[in-house]
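Written out below as structure tokens is the structure these notes cover.
The values are calculated or read from the model by the stated rules, or taken from the named source; none is laboratory data. For clarity, every value in this text was computed on a predicted model and none was experimentally measured. So basically every Cβ, Gly included, is an ideal-geometry build from the backbone, and we count neighbours across all protein chains shown. With ligands, DNA and RNA removed, areas are computed over all heavy atoms of the protein, side chains included. Shrake-Rupley method; radii C 1.70, N 1.55, O 1.52, S 1.80 Å.
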Amino acid sequence: MSVTAPKGFRASGVAAGLKSSGALDVALVVNDGPDATAAGVFTANRVKAAPVLWSQQVLRAGIVRAVVLNSGGANACTGPLGFQDTHATAEFAAGTLTASNARLLVGASDVAVCSTGLIGERLPMDKLIPGVRSAVRALSRDGGPAAAEAIMTTDTRPKTTVVAGTGWRVGGMAKGAGMLAPAMATMLCVLTTDAVAGSGALDEALREACRVTFDRVDSDGCMSTNDTVLLLASGASGIEPTQAELTAAVTAAAHDLAQQLVGDAEGATKQIAIEVVGAASEADAVEVGRSVARNNLVKTALFGNDPNWGRILAAVGTTAAAYEPDAVDVAVNGVWVCRSGAAAEDRSKVDLAGRDVTIRINLHAGEATATIWTNDLSHAYVHENSAYST
């Protein structure tokens, strides 16, 4: 049931006409409590969409009662009027939710807003506001799947997850198939839990989870203006896990969703894990992995089933990581095609017929490791992104 798997949450997804296809395009997630603590992580892009700026303000208090999400328009680069539209959305949602349930007192400052779609155009408020009203009416404990579908843009399938703790749960939904790079992934993600946790504990768990999952997805090297990951806690289970237990569950949910994002990346035919080991520091391992993940020559070679390890080594060489070039080993799908910076096993032994690819790079410079997840660069990716706005 996605975001409604934990106790205390309802959700919905409706069609408001924001998408010309008539598909679902407005989602709502509501925390019925008894708690309403929350945390959020947002894009590091200096160009931030209006809903990001609004939701960052909301999260300062560590309280979120509801999240309104829409596809069909990013409301990014829309100036003061776009920000007013986000404020109006939150205000309308708050008023409608309060009117629908006397026990649920919601203010605009309790409502986070997320948008995704084309940058540079204001949202059609004459459609969005009625959509929010419909979403309030459609709220249910079974509404998670519809909500996950409503936030899709170029995604080919909804992305949901549930992780069970001892007597409590973490649920989640995400969207994202392009602009998948650090600071998330042109992605929207809502994680929910019925654990008892303060906003500080949620913030610590969420940031650690994002650091090793969403922030290590690097599909195409492009950073979005709208990335938002929210974690809401209802406390409805009555169970307060340890910080380690909370962080582990949130990380597991985020990892599951991150893998689904990479698996559904635009035009991808390969899902690639770049494992860097033997690094002097975790930062070095991440830098090396990201350099390989962003290298178009590596990505196109893998699309063509070509284990061209020279391109991988060349990408490693562009980094400032500590290592000796003549000490680096590279394996592709278990075949060590490069040893000590030179040719090793015959590259013809590498089987790239399947979708999953693992590149393992040993720097022999220390004990630190990191994994970056990416995908290949295909004709379909170029085609899809060449005419996205037209």
Listing of strands (runs of 3 or more DSSP E) fully contained in region 302-390 that carry 1 or more residues being aromatic (Phe, Trp, Tyr) and surrounded by fewer than 17 Cβ atoms within 10 Å (Cβ to Cβ): 335-339
Residues of region 98-146 satisfying the condition of being among the aliphatic types (A, V, I, L, M), in contact with an Asp or Glu (Cβ under 9 Å, 6 or more places away or on another chain) and part of a helix (DSSP H, G or I): Ala108, Met125, Leu128
Residue list for region 34-65, restricted to those being more than 20 Å from Phe214 (Cα to Cα) and assigned to a strand (DSSP E or B): Thr37, Ile63
Filter pass, Glu275 being free of Cβ contacts under 8 Å to residues at least 12 places away in the same chain, touching a strand residue (DSSP E or B) at 6+ places or on another chain (Cβ under 7 Å), outside any helix (DSSP H, G or I) and charged (D, E, K, R): no
Residue list for region 153-180, filter: at pLDDT below 95 and touching a Ser or Thr at 6+ places or on another chain (Cβ under 7 Å): Thr153, Lys175, Gly176, Ala177, Gly178, Met179, Leu180
Check on Ala265, within 17 Å of the chain's Cα centre (by Cα), buried (at least 22 other Cβ atoms within 10 Å of the Cβ), small (Gly, Ala, Ser) and in a helix (DSSP H, G or I): no
Cβ-Cβ under 6 Å pairs, at least 6 apart or on other chains, region 284-312 side of a type outside the set (Lys, Arg), far side open to solvent by 30 Å² or more (accessible area, probe 1.4 Å) and part of a helix (DSSP H, G or I): Leu297/Arg311; Val298/Arg311; Ala301/Arg311; Pro307/Arg347
Residue in region 129-136 that is of a type outside the set (S, T, N, Q), closer than 21 Å to Cys189 by Cβ, open to solvent by 10 Å² or more (accessible area, probe 1.4 Å) and in contact with a Ser or Thr (Cβ under 6 Å, 6 or more places away or on another chain) present: no
Scope region 142-162; condition open to solvent by 10 Å² or more (accessible area, probe 1.4 Å), under 15 Å from Leu191 (Cα atoms) and over 15 Å from the mean Cα position of the chain (by Cα); matching residues: Pro145, Val162
